[in-house]
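To start, the structure under review is shown below, and the notes come after it.
Nothing in this text is a laboratory measurement; each read-out follows from the coordinates by a stated rule. Here the structure is a predicted model, which is why all the values come from computation and not from measurement. Backbone-built Cβ (ideal geometry, glycine too); neighbour counts: all protein chains shown.
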Amino acid sequence: MKSGIILMLFCISLSAQDTETGKKWKSSLVETGSYITFSDYKMRQNAGFFAGYWYRYPFDGTETHLEIGGSFGYSKSLYNFEYGKKGQFYPIHSEEFIVNLGVRMVKEYSWKNYKIEWVSELSLHNLFFNDKGIPNDEPVRDGDDKTIYIDTHTESVASLKIGQGIRFWKNNIGIGVQASYMPYRLWYKETVPVRFNSVSIEAGVNFKF
């Protein structure tokens, strides 16, 4: 068993050193850009910005690779809805804070002197709100507990993020667009209202190194 694990790690190490063209594989991708989320519960709509880092893992003998990483985003868009917690409902008036962690399957194509990538993403999408007006959960404390509890003054809802996009590369600089769907009510039917599921559009610049 141990020898099998060591062999697998050795093969991964070798595969990460070369690309299909014999050049050194660029294992890191940094992205930054703008996004907009469409929701029935926004009383003010603004484009936000996002930034992220993804580790690129190559598959030998194919034009496909895997990316593992995440991103964060912020928008001054203003949400306005009733947030359910422990059977009670509280008004939310908050800007938009987003954290994503997930994986992408990327298929690469060549066209003239450019590389084109089709991106399929599946991430855990976390949407954070200011929790002003919502009662805090009281931490459970033991008699001798000296733990320091920090209240971040936020509430969140999590969802899958299911996305499809396309990227165009010239050497190590690329541009891309992606459309994604977030079914919040898949897990939070008692927390967020009907029609809270949303769609987002992202456009950004990518750098690999």
Task: Pairwise FRET efficiency - Gln164 versus Ile68, Cβ, R0 = 22 Å, nearest 0.05 - done: 0.75
TODO: Show the residues, 5+ positions off or on another chain, whose built amide H is closer than 5 Å to the amide H of Asp131.
DONE: Thr154, Glu155
TODO: Could you tell me which trypsin sites (Lys or Arg not before Pro) in the stretch 48-122 are loop residues by DSSP with no more than 11 other beta carbons within 10 angstrom of their beta carbon?
DONE: Lys86, Lys112
- [ ] Work out, in µm²/s and without decimals, the Stokes-Einstein translational diffusion coefficient of the stretch 28-85 at 37 °C, 0.692 mPa s, Rh from Kirkwood over C-alpha pairs.
- [x] 234
TODO: Report the local net charge at Asn126: Lys and Arg +1, Asp and Glu -1, summed over other residues whose C-beta lies under 12 Å from its C-beta.
DONE: -1
